[in-house]
1. Checking understanding here: applying a Kyte-Doolittle mean of at least 0.0 and a length along the axis of at least 24 Å (C-alpha), which whole DSSP H helices in the chain pass?
2. Suppose we keep just the DSSP beta bridges with both residues in the chain; what percent of those would be antiparallel, to 5?
3. Taking Lys401 as the anchor, which aspartates and glutamates have their alpha carbon closer than 20 Å to its alpha carbon, excluding any fewer than eight residues away along the same chain?
4. What ranking of Ile400, Ile338 emerges when the number of other C-beta atoms within 10 Å of each C-beta is taken as an exposure proxy, fewest first?
5. Taking amide H atoms as placed 1.01 Å from N in the peptide plane, list the residues 5 or more away in sequence, or in a different chain, whose amide H sits under 5 Å from that of Thr198.
6. Running Debye on region 200-322 with equal point scatterers at the Cα sites and no solvent, what base-10 log of I(q)/I(0) appears at q = 0.20, 0.22 Å⁻¹?
7. Please compute the length gained on full extension between Arg393 and Asn372, using 0.36 nm multiplied by the number of residues separating them and subtracting their Cα-Cα distance.
8. At 7 Å along Cα-to-Cβ for each site, give me the label-to-label distance between Glu137 and Thr202 in nm.
Amino acid sequence: MRIAMIGSGYVGLVSGACFAQFGHDVICVDKDAGKIERLRKGEIPIFEPGLDKLVADNARAGRLSFSTQLGDAVGDADAVFIAVGTPTRRGDGHADLSYVYAAAAEIAQAIRGYTVVVNKSTVPVGTGREVARIIRESHPAAEFDVASNPEFLREGAAIEDFMKPDRVVIGVESQRARDVMSMIYRPLNLIQTPMVFTNIETAEVTKYAGNAFLATKITFINEIADLCEKVGADVHDVARGIGLDGRIGRKFLHPGPGFGGSCFPKDTLALAYTAREVDAPQTLVEQVIQVNNSRKKKMAQKVVDFCGGSVAGLTIGVLGLTFKANTDDMRDAPSLDIVPALQAAGGKIVAFDPEGMIEAARLMKDVIFTENAYEAATGADVLVVITEWHEFRGLDPRRIKEAMRQPRIVDLRNIFDPEEMRSLGFAYDSIGRPVAHA
C-alpha cells in the first residue's frame, strides 16, 4: 500500500516508520523544510529508543521517504494519515484543530483517485465528520472515505506499542475503507492482534476515554499514597494488593509527582470541554485535572517541609526533568512546576537529565545543568528525584552521600529502598511510604 503521513512529529514519524517496516511505501510530509532535510540525512528530531535505526533501515530499503510536497504524496496514496498536532487551545482547554482542518483542505486539492483519509491525530468527537465536510466542499468530485485510527503509543516504548499493540481501533463507515485499513494492518492480523472496527465517533471517543481512565488511575494511586503517608502504610504494597485483582490490573498504579506529557493533560482537558459542550459533563475527569495540577505544586512544598520548612540558600540537586523516562519530552512535566517553586522559595537548582536538558534549558531559568547525576549531587543540601530514569536506579548511594553537603533525599519516584537509605545514614522521604530518618 502507498501511504502519505501528513505531519512528521512524534506520532507521524513513529507511525510512518512502523508502516514502512510492515512493507508499505510511506512518504512522511512536513511543512518544516529544515526538519525534512534533517530526516533525509538520518537525523531524528526526537528521542525515542530504536527509532533512529528503524528510520535508517526503511529509508535505505526505499520504503520510507520524506517530503515537503503534500500534493505529490497525497496524489499517489491509497491512504493519507493526518498526524499533525492538536495542542490545547489557549483560553478554554479545547483541542486546537486548526492544523487538522488545514491539512484536510490541502489533501482535498491533491486527491486524484479513491483515497482513505485517516485521522491519526488525537481529535475530539465530531472531527472526522468535519474533515469529510471540508474535503467534500473543497473538492466535490473527490472519491474518498474518512476514517479514525487513534494512536495508543507510550513515549519511550512507541515502537513496541505499534508493532505489538493491545488492540487497533478503526472507525470506518464503508466496506471499501475497511478493506483498505485491513490491508494496511494485515501484518498485525497475522499475529492475531484484536481489531476493533466501529464508527468514526466511537473511535474518537475511545481514544479520549482510554487516556482519561489511565489519568484517573494515576491520580487515584497518588491520593492513596497521600493517605498512606498519614497512617503509616506502604503504597507499593497497597498497589500490589489491589493490582492483583484482575478487574483492576497492576499497570498505572505507580505513585509519583503527577502525570504530564503530550497526551494526558491536553486530552483530559479536551474531553472535559467537549463533554460540557454537549451537556454531558465529565465531573470525574474534571476532578482528576484539578487534583493533578495541584499535586505537582505540592511536591515542591514536600521538599521544603522535609528541609525543615525552608530551602532558602540551599543547593538542591535535581535528578530528572522530562515528564517520564526514555523521552526528551518536557511538555507538562512536573519539573516545570517543582523547579520554579523551589527557586521562588530561595533554592539554587543544579540538575541532570539524560535526554531533556536542551529543552529544559529553554523552559527554565537560572538552572545549572551537569553532565551526570553525581555532579548534580555534589555539594547539594538535598537531592530530589523527579523522573525515574533507569540509570538513576543503579546509582551508588554511598558515592551520592560522599558528594552531598547534607545526606537528604526526597524521592518522588520511589526508586530507592527506604531502609537501605536509612542504614546508609540518609534522611529519606518518598511517596506513600514512611519517612526514613538516619
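1. Numbers: long enough: 200-231 (47 Å, 0.32); 283-306 (34 Å, -0.43).
Span-like helices here: 200-231.
2. On the way: 3 of 46 bridges.
Percent antiparallel among DSSP bridges in the chain is about 5.
3. List returned: Asp353, Glu371, Glu375, Asp381, Glu388, Glu391, Asp411, Asp417, Glu419, Glu420, Asp429.
4. On the way: Ile400 24, Ile338 28.
Neighbour counts put them in this order, fewest first: Ile400, Ile338.
5. Ile170, Gly171, Val172
6. -1.19, -1.29
7. On the way: separation 21, 0.36 × 21 = 7.56 nm, distance 1.35 nm.
My answer for the length gained is 6.2 nm.
8. 2.9
Here, each number is a calculation from the coordinates, and none is a lab measurement. Being a predicted model, the structure only gives us computed values, none of them experimental. No Cβ is skipped: glycine too gets one built from the backbone with ideal geometry, and neighbour counts run over all protein chains shown.
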